Amino acid sequence: MPGVEDGVVLQLEADRPGGVGRIAALAVAPRLSAEDIVAALRGSVDPVFLPRRVRLLPHLPRNGTGKLRRDVLLALLDEAHSSAMPEAGGDAPRITPPHAAALLATCP
């Protein structure tokens, strides 16, 4: 997608019986809002697969082999959701909470 430098989409409940559960996404998109990303996906992705939450980050927390750890991704989503700060998007500031910043610092 133009404007997205890196990203990951994940199902929040990995072992959900009966099919697809809630989906979230983390993206590196300096010039886009979360709403821009969802709007672009809406044109090519079935609505059931659209992420309900999109979190914008300065970079994804890849480990030394370039992989993304699910537990770290979920922590970043939980931190944004549970902290009373808005998700990055629109005019919201693109701030990384302190706990998420520590997680990002551990992954080069």
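Structure notes:
- Neighbourhood net charge (14 Å Cβ-Cβ; Lys/Arg +1, Asp/Glu -1) for ARG42: -2
- Peptides 25-33, 47-55 ordered by packing proxy, namely the average of other Cβ atoms within 10 Å per residue, highest first: 25-33, 47-55.
Values quoted throughout were computed directly from the atomic coordinates according to the rules given, and no laboratory measurement underlies them. Because the structure is predicted, anything quoted here is derived from the model rather than measured. No Cβ is skipped: glycine too gets one built from the backbone with ideal geometry, and neighbour counts run over all protein chains shown.
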